[in-house]
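> Following this message is one structure expressed as structure tokens.
Coordinate-derived values only; no laboratory data. What you see is a predicted model; the values in this text were computed from it and never measured. Cβ: placed from backbone, ideal geometry, glycine included. Neighbour counts: every protein chain shown.
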Amino acid sequence: MAKQIPEEALAAIEDAVRRDPNGVSAPEILRALATPVPPRTLQYRLKHLVTRNRIIMDGEGRWARYRMPDAAIDAAAREDANEPVIPLSEAATSIRDYVRQAPEARKPVGYDRKFLDRYRPNASFYLTEQDRAHLAAIGRPQIAEQPAGTYAKQILSRLLIDLAWNSSRLEGNTYSLLDTKRLIELGEEAVGRAHLEAQMILNHKDAIEFLVGAADEIGFNRYTFLNLHALLANNLLADPSAAGRLRYIAVGIERSAFHPLEVPQLIEESFDQILATAAAISDPFEQAFFVMVQLPYLQPFDDVNKRVSRLAANIPLIKRNLTPLSFADVPRQTYTEAVLGVYELNNIDLLKDVFIWAYQRSAARYAAVRQSLGEPDPFRLRYREQFRELIAELVRARVGRKDAAARIATWSKKEIDPSDRERFAEIVEAELIGLHEGNFARYRIRPSEFAAWRQVWEAR
């Protein structure tokens with residue numbers, strides 16, 4: 001029989017939560033308690049209060065924040081007043097109403113491999129033909145045929161902030177858009193916020209730069225997804241070695257009746273099947289939505305699964321120079337309910353409404369951004385491969401500042417038109433000066449190669 005929790009202990013937690021109508025984290029509650037308790041004990045008591053609707057939990061895991069019910073209702077009302085509402089189909093509304101029930105009122109379910117097995121690339125479709133045509137019409141910028149990733153590179157500075165902020169926000173991150181901009185552009189953490197929140201956003205920045213910088217190499221394969229997870233999970237997991245590694249431990253989904261697959265061999269088989277299926281899909285929007293449905297449902301990693309799926313949804317969009325999906329303005333509660341609908345009902349209707357609406361918002365935003373940017377530099381576009389080849393060669397050879405100009409000149413004589421050599425050399429020198437840990441991957445340089453070169457370069 002479970003040990004009864006003293007009512008005064010539960011009341012003390014409620015008092016700690018009541019102090020901030022915007023919600024408090026578990027560490028903040030611990031610091032507020034007059035009588036300290038072990039973190040595991042606090043988590044048990046918080047779960048007890050949540051399941052009895054005495055407090056409300058927003059977010060999951062270490063990002064969870066706790067509010068009193070009245071405060072949560074008030075916050076939801078403010079959110080409804082300020083945030084756009086996604087129009088829902090009748091089927092989507094039914095899913096939303098189901099998952100809004102208390103977890104104990106919903107039917108416990110496990111992972112169903114048949115949900116994946118039933119899908120046949122280019123024969124099965126989550127998005128209708130009309131959906132796909134609509135997304136293609138609004139998502140294709142008016143630009144000439146260009147190498148993979150060109151469009152994403154043009155709007156990269158905006159995309160880094162938008163996607164890093166919105167994807168983190170959907171995980172319960174409390175950074176504002178301005179906080180995120182200052183962190184990404186200036187490296188300044190927001191005062192009074194947890195270091196974990198800054199780490200999450202910076203991880204998104206690294207992951208987005210990886211996808212855009214290696215647009216011609218990424219795809220629905222292990223290399224892309226394992227490295228994408230490693231970047232997003234960097235310094236955030238209890239077991240650091242789990243970053244970029246498939247799961248072999250059991251995990252649970254808080255506030256859900258869904259129990260993910262637990263057998264490591266089956267997790268790996270299903271993961272490979274998801275990648276192979278996605279790679280065989282011809283339509284980029286169907287690819288994007290397929291991975292948003294199937295990857296979180298499998299939960300192939302210890303954590304950070306939804307983040308991987310949101311960024312992976314951008315892979316076919318980046319590769320085909322389509323408008324990226326930044327999840328701007330997507331209400332966190334609606335997104336969470338949509339994912340729960342897939343977990344517990346294997347029903348995609350609510351997530352589909354969210355996906356299409358979110359893409360329409362992104363397309364409208366980046367159409368405006370694109371108009372303000374003008375055309376890309378044709379010189380850089382023309383010599384794109386030469387820039388990448390030479391800079392990688394200089395870094396791997398650990399060429400210092402004193403020798404760089406001579407090496408560039410010698411290389412240019414063999415590879416670059418005489419009339420273009422001077423400008424080519426100027427751009428290469430500028431790129432070398434601007435190389436840092438957040439952008440060297442676009443030149444296919446390994447971290448160890450960059451670190452060794454940097455020591456020589458900074459030695460002057």
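> Gap in Å between the Cα centre of the range 373-438 and the Cα centre of the range 289-349?
38
> Extension gain ALA459-LYS114, at 0.36 nm per residue separation less the Cα-Cα distance, in nm?
118.3 nm is the gain from fully extending ALA459 to LYS114.
> Using the Kirkwood radius built from alpha carbon pairs, what does the Stokes-Einstein equation give as D for the range 251-294 at 10 °C and 1.306 mPa s, in µm² per second?
132
> If the cut-off is 17 Å between C-alpha atoms, which lysines fall inside it for LYS306, apart from same-chain ones fewer than 8 positions away?
LYS205, LYS352
> Let me ask something else about it. Over the alpha carbons of the range 211-265, what is the largest minus smallest coordinate on each principal axis, giving the biggest first in Å?
Its Cα atoms span 39, 23, 23 Å along the three principal axes.
> Taking every pair of distinct Cα atoms and averaging 1/r, then inverting, what Kirkwood hydrodynamic radius in Å comes out for the range 86-131?
13.6
> Compute the Rg to Rh ratio over the chain from the alpha carbon atoms, using the Kirkwood formula for Rh, and round to two decimal places.
Dividing the radius of gyration by the Kirkwood radius yields 1.00.
> From the backbone phi of the range 319-332, what are the Karplus-calculated ³J(HN,Hα) couplings (6.51 cos²θ - 1.76 cosθ + 1.60, θ = phi - 60°) in whole Hz, Gly and Pro given as x?
5, 9, 6, 9, 4, x, 9, 9, 6, 4, 6, 5, x, 4
> VAL251 to ARG421: extension gain in nm, 0.36 nm per residue of separation minus the Cα-Cα distance?
55.5 nm
> For a bin width of 5 Å, list the pair-distance distribution of the range 378-458 built from all Cα-Cα distances, rounded to whole %.
Values per bin, smallest distances first: 3, 15, 31, 25, 17, 8, 2, 0.
> Treating cross-link reach as a plain straight distance, find the aspartates and glutamates whose alpha-carbon is under 17 Å from the alpha-carbon of LYS47, omitting any fewer than eight places away in the same chain.
GLU7, GLU8, GLU14, ASP15, GLU28, ASP58, GLU60, GLU104, GLU254
> Let me ask something else. I'm a student and want to see the number: the projected area of the Cα convex hull of the range 7-69, averaged over all directions, in nm².
3.7
> Could I have the simple spin-label model distance between ASN22 and GLN199, label points 7 Å from Cα toward Cβ, reported in nm to one decimal?
Placing both labels 7 Å beyond Cα along the Cβ direction yields 2.3 nm.
> Let me ask another. Once both labels are modelled 7 Å past Cα along the beta-carbon direction, what's the GLU262-THR410 spacing in nm?
6.3
> Further, regarding this structure: Rounded, prolate or oblate: which fits the range 153-307, taking a ≥ b ≥ c as square roots of the Cα gyration tensor eigenvalues, rounded meaning a/c under 1.5, else prolate when a/b beats b/c?
In terms of gyration-tensor shape, oblate.
> Ok, one more. Evaluate 2.2 N^0.38 Å with N set to the residue count of the range 150-212, then give the Cα radius of gyration divided by it.
So the range 150-212 has a normalised radius of gyration of 1.04.
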